[in-house]
Amino acid sequence: MFDDLKINEIFAERNAPAIIMYLYLFGPRSRTEIYDNVSTNPRMHLKVDKLIEAKVITTIPGRTQKWPILKLTDMGMQYGSMLCTMEKLAGGDVCRSKWLGLKKSLEEFGIVKTEED
């Protein structure tokens, strides 16, 4: 009965909500950044491609033409907002997730001590 819902196509892939939330919380990123921070699953490129095909994500020019940056479309931004709201309703902490992501980035740049530590 609900097999033909468009939303099923968008969220059929396991990491689709995480990809959307990552781009929503951290802004436009490269594919490599998404893969490093969301999942190293070898199928991640297919999951991102499906979100591009569904017009949830779009590409913008990066440093070189060969390496574009991915960003959420207007619809993707709405999905991101809704997913964050759903996470809060489920008892999750979106702000903590964002902080942990930022902290991981700092550690990658060699900054390992923060005020919270």
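Annotations
- Tally of residues being closer than 11 Å to Met21 by Cβ and touching a helix residue (DSSP H, G or I) at 6+ places or on another chain (Cβ under 8 Å) across segment 54-91: 8
- Whichever residue in segment 49-67 is closer than 22 Å to Tyr79 by Cα and of a type in the set (Ser, Thr, Tyr) and, among such residues, is surrounded by the fewest Cβ atoms within 10 Å (Cβ to Cβ): Thr59
- Residues in segment 78-117 that are modelled with pLDDT under 70 and among the aromatic types (Phe, Trp, Tyr): Phe109 alone.
- Screening Met77 against (1) over 15 Å from the mean Cα position of the chain (by Cα); (2) assigned to a helix (DSSP H, G or I) leaves a single unmet condition, (1).
- Taking segment 29-71 as the range and being free of Cβ contacts under 8 Å to residues at least 40 places away in the same chain, of a type in the set (Lys, Arg) and either farther than 16 Å from Ile10 by Cα or in contact with a Pro (Cβ under 8 Å, 6 or more places away or on another chain) (or both) as the test, the residues that pass are Arg31, Arg63, Lys66.
- Helices (runs of 4 or more DSSP H) lying entirely in segment 1-48 (those with 3 or more residues that are surrounded by fewer than 11 Cβ atoms within 10 Å (Cβ to Cβ)): 6-11
The values are calculated or read from the model by the stated rules, or taken from the named source; none is laboratory data. What you are looking at is a predicted structure, and each value in this text was computed from that prediction instead of being measured. Methodologically, a virtual Cβ is constructed for each residue, glycine included, from the backbone with ideal geometry; neighbour enumeration extends over all protein chains shown.
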